[in-house]
1. Using Cα pairs closer than 8 Å and at least 6 residues apart in sequence, work out the relative contact order for chain A, in percent.
2. Work from the charge dipole of chain B (Cβ charges, +1 for Lys and Arg, -1 for Asp and Glu, about the Cα centre) and give the residue of B:TYR31, B:ASN62, B:ILE46 farthest towards its positive end.
3. Which three extents, in whole angstrom, do the alpha-carbon atoms of the range A:1-56 cover along their principal axes, largest first?
4. Apply 1/(1 + (r/R0)^6) to the Cβ-Cβ distance of B:MET27 and B:ASN62, taking R0 = 25 Å, and write down the FRET efficiency to the nearest 0.05.
5. For B:LEU21, what is the net charge nearby, where nearby means another residue's Cβ is under 10 Å from its Cβ and Lys, Arg count +1, Asp, Glu -1?
6. For chain B, what class follows from the C-alpha gyration tensor (a ≥ b ≥ c being the square roots of its eigenvalues): rounded when a/c is under 1.5, otherwise prolate if a/b is larger than b/c, else oblate?
7. Distance from the Cα centre of the range B:16-45 to that of the range B:73-89, in angstrom?
8. Report, in cubic angstrom per residue, the convex hull volume of the C-alpha atoms of the protein assembly as shown.
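Every number here is computed from the coordinates shown, using simple stated rules; none is lab data. Only a predicted model underlies this, so the values are computations on that prediction, with no experimental measurement involved. When we count neighbours, we look across all protein chains shown, and the Cβ atoms used for this are built from the backbone with ideal geometry, even at glycine.
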Amino acid sequence: AQKITQTQPGMFVQEKEAVTLDCTYDTSDQSYGLFWYKQPSSGEMIFLIYQGSYDEQNATEGRYSLNFQKARKSANLVISASQLGDSAMYFCAMREGYGQNFVFGPGTRLSVLP
Amino acid sequence: NAGVTQTPKFRILKIGQSMTLQCTQDMNHNYMYWYRQDPGMGLKLIYYSVGAGITDKGEVPNGYNVSRSTTEDFPLRLELAAPSQTSVYFCASSYSRDPSYEQYFGPGTRLTVT
């Protein structure tokens, strides 16, 4: 079964608008971490934001925020005031407990329109 | 700090050839990982290491081997290259197995097997 689901293969957003990228996850662990990474066309993986399973507040990092709904097992990324440079692939990832590896979702390609 | 470095950036192999992808990190991280990313897909774990001398298989280890003789280096060996190994390979490292710690990624190696 898929541990990380990203149901939006591609998204479009107008410059300066906000956009939400969906991520749902599946785990039976109580302790886990959720991460979002950005992959621009140049190919590198850039860490954006982290949410811990015990964190009560939603994580925020500048224009990025994570809408964490634990009961629904969702960890959506919200990008406010989109910029052209936000056009990229976005990956949701999870690290379970003290597991050794991250599990990545299939990604969402975001295109920001001028 | 250079972070995680990978060489080469690009490589074309003929079917049946072998090669080693190099990965070095200068952050004194114990945990290191190799992923592959097929076109339009997320990352899949090939092998990981929790410290010098200790390695283990990930989700897709067939056709690959690793070694970890030092904390800094984690090379990935491809024996008898096959077209199915055409992919982008990412090396990553992490400070801790605690789920709150992110992975730092190298820039990737784009491998084509023809």
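1. 37 percent
2. So the residue furthest toward the plus end is B:ASN62.
3. Over the range A:1-56, Cα extents along the principal axes are 37, 25, 21 Å.
4. With R0 = 25 Å, the Cβ-Cβ based efficiency is 0.25.
5. +2
6. prolate
7. Here the answer is 9 Å between Cα centres.
8. 124 Å³
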